[in-house]
Amino acid sequence: MNQVAIPIKIERKLRGTIKGRTPEPNALREVQALLGDEPRRRDLLIEHLHKIQDRYGELSAARLVALAAEMKLSLAEVYEVATFYHHFDVVKEGDAAPAAVTVRVCASLACEMAGAKNLLEKLPAVLGRDVRVISAPCVGRCDTAPVAVVGQNPLPYATLDGVKKLVAAKALKQESGRCVAYAEYRKNGGYRILRQCLAGERDHRELTQAMEDSGLRGLGGAGFPAGRKWKIVRAEPEPRLLAVNIDEGEPGTFKDRHYLERDPHRFLEGVLIAAWTAGIAEVYIYLRDEYAGCRALLQRELAALQADPPCALPPIHLRRGAGAYICGEESAMIESIEGKRGMPRLRPPYVAEIGLFGRPTLEHNMETLYWVREILERGAAWFAGHGRRERHGLRSFSVSGRVNKPGVHLAPAGITVKELIAEYCGGMLEGHAFYAYLPGGASGGILPASMGDIPLDFDTLQPYGCFIGSAAVIILSERDRAADAARNLMRFFAEESCGRCTPCRVGTAKALKLLDEPKWNQALLAELSQVMIDASICGLGQAAPNPVLSVMKYFPHEIA
């Protein structure tokens, strides 16, 4: 595999000191000790901010000044990044530091349905003033709602007493759990295909064709054919990069975490096969900060792989998000990997042409790469042979809400939601009747149970104003209201808008105010939604109106 030194350092005129601020000697010593021998490159800014946050529980003004001086950046560059991400606690001069322990209660739809509001209202009194309780966007554990995260330790099926006990136990670091470790994976045939590739026993055209024949499409939401993407990027000039997106912040989605916790090397082998096929020089894996256990697991297994590699490996970099849903958008993720605010880029150019560090970039969702080894071992026909109603392939549905067996369910493409509930989810919860469903997470729209016979797959839901996205299916019963779900989702979008474009920044906030009215102004909401769809830069603003439009179309009795 080609190993090419990537010119990742952004050219700049360096200053000897930071303009306007002189770092305090003690703060500078603290920052220097934390960073040690780590490079001071611009793209490592977020990683270095995490080091300070992890060590001190905050980002004080003095340490931000010291970090800026150490990295030879302006304080404005450091401050704008630190204040952009939810998980960084920037403490201004004169302000009190945050509490030593933070409890984040997930307030996304599945957790709200399971009682998150009660936790948010009552936990402050139960835990006292020494513990900070805040609302959090989706933490990727919708199947165990409601969820509270104490430090970095998620508590499934959270209760007031359970959170209190976890805080008292000071169990603030997430354990990485058990998985198929490196030795076991190698013993069972792991990395065999990768070794064949590097030994010249496989041809990149053969592998690309297999991906195309299988019909495997991007499983992060956009659904672009994987094989075609490999072909496009390989045709671009070297050096080329691979950026893997594991920032699944879409409310209702947790499939990537599910697979990563169980079989990380199946994913890593897919990464390396894709890298070889597309002629990739270096790999960057972007993992959301909420997945602390997955991060520890990946660090351990990557170290085992690199200590005893099955063949030559390209450089693999694991990068840590900092709490920003927008970084699930490919160009915003790339900006974040470069150490910047996660704000989407205007397109064209596309990331396949000019992506990470200005190089042609192959961008993939984690689950897409997870299936590569399986398809190459079993053959393209095996994967394409699954499906119903003339659809092809397998889909990993993240199912949450009012069903007996929430979780990740691997089912044939083209299955309907009624079949999914009956055959995979153990039916509806006792005492609940199927009322409505979200076929594609927060942005995929809402449909009534009477439309539960539509095949769930790419391109099947668009005629109804919905889409499958990352296949996050949230089930509502007659005890829920679609209008309440739309309000919850719009609150999420308003909080998570990066703020770059006016239609999204102002539109989501305005829409939320309109949804809080006793009677919806449907004409104004429809006009506002169209502006957001037409003029927003990225998919967040373009898709945010979908739940609202769905309610007005399919649930008019709720808002009359």
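The values are calculated or read from the model by the stated rules, or taken from the named source; none is laboratory data. Small disclaimer: the values here were computed from a predicted structure and weren't measured. Backbone-built Cβ (ideal geometry, glycine too); neighbour counts: all protein chains shown. The protein model used for the area step is the full one, side chains on, heavy atoms only, and it has no ligands, DNA or RNA in it. Shrake-Rupley method; radii C 1.70, N 1.55, O 1.52, S 1.80 Å.
For the range 314-354, backbone nitrogen atoms closer than 17 Å to the point 7 Å from H204 Cα along Cα-to-C-beta are found at 314-315, 352-354. Is it possible to state the helix-based mean residue ellipticity at 222 nm for the chain, with each DSSP H run of 4+ residues giving -39500 (n - 2.57), the sum divided by total residues, to the nearest 500 deg cm²/dmol? What is it? One gets -12000 deg cm²/dmol as the mean residue ellipticity at 222 nm. Express the carbon and sulfur contribution to the solvent-accessible surface of the range 505-545 as a percent, rounded to the nearest whole number, probe 1.4 angstrom. Accessible surface attributable to carbon and sulfur in the range 505-545 totals 55 percent.
Charge tally for A381 (other residues, Cβ to Cβ under 14 Å; Lys, Arg +1; Asp, Glu -1): -3.
Along the charge dipole of the range 74-119, pointing to its positive end and built from +1/-1 on Cβ of Lys, Arg, Asp and Glu, which listed residue (V78, V105, V90) has its Cα farthest out? With unit charges placed on the Cβ atoms, the residue in question is V105. Phi-derived couplings, Karplus 6.51 cos²θ - 1.76 cosθ + 1.60 at θ = phi - 60°, listed residue by residue for the range 418-434: 5, 5, 4, 5, 6, 8, 10, 9, x, x, 6, 4, 4, x, 10, 10, 4 Hz, with x used for Gly and Pro. Cα-based radius of gyration for the chain, normalised by 2.2 N^0.38 Å, reads 0.96. Note that the range 327-341 has calculated 3J(HN,Hα) couplings of 6, x, 6, 4, 6, 5, 4, 5, 4, 5, 4, 6, x, 10, 5 Hz, one per residue in order, obtained from phi through the Karplus relation 6.51 cos²θ - 1.76 cosθ + 1.60 (θ = phi - 60°); glycine and proline are x.
Going 7 Å from the Cα of E24 along its beta-carbon direction, which residues of the range 70-96 have the amide nitrogen within less than 15 Å of the resulting point? What the label zone holds, given the 15 Å backbone N cut-off, is 91-96.
Taken along its three principal axes, the alpha carbon spread of the range 461-560 comes to 38, 32, 24 Å, from the longest extent down to the shortest.
Among the GluC sites (Glu not before Pro) in the range 413-451, those placed in a DSSP loop whose Cβ has at most 15 other Cβ atoms within 10 Å are E430.
Once the 1.4 Å probe is applied to the protein heavy atoms, the range 63-206 comes out at 49 Å² accessible per residue. Taking each of K519/K553; K122/K165; K51/K340; K117/K405; K122/K164; K72/K340 in turn, the alpha-carbon distance tops 20 angstrom for K117/K405. Nonpolar atom fraction for the range 113-198, defined as the carbon and sulfur part of the 1.4 Å probe accessible area, stands at 52 percent. Stretching A433 away from E353 to a fully extended chain increases their span by 23.9 nm, per 0.36 nm per residue minus the current alpha-carbon distance.
Which of the listed residues, I446, A483, I537, is farthest toward the dipole's positive end in the range 446-560, when Lys, Arg count +1 and Asp, Glu count -1 at the beta-carbon? About the Cα centre, the residue reaching furthest to the positive side is I537. Seen from all directions on average, the range 248-317 presents a Cα convex hull projection of 5.0 nm². Given R0 = 25 Å, the distance between the Cβ atoms of R228 and L346 translates into a calculated FRET efficiency of 0.60.
A simple spin-label model places the labels of A97 and K513 3.9 nm from each other, with each point 7 Å out along Cα-to-Cβ. The GluC sites (Glu not before Pro) of the range 194-226 that DSSP puts in a loop, and whose beta carbon has at most 13 other beta carbons within 10 Å, are E201.
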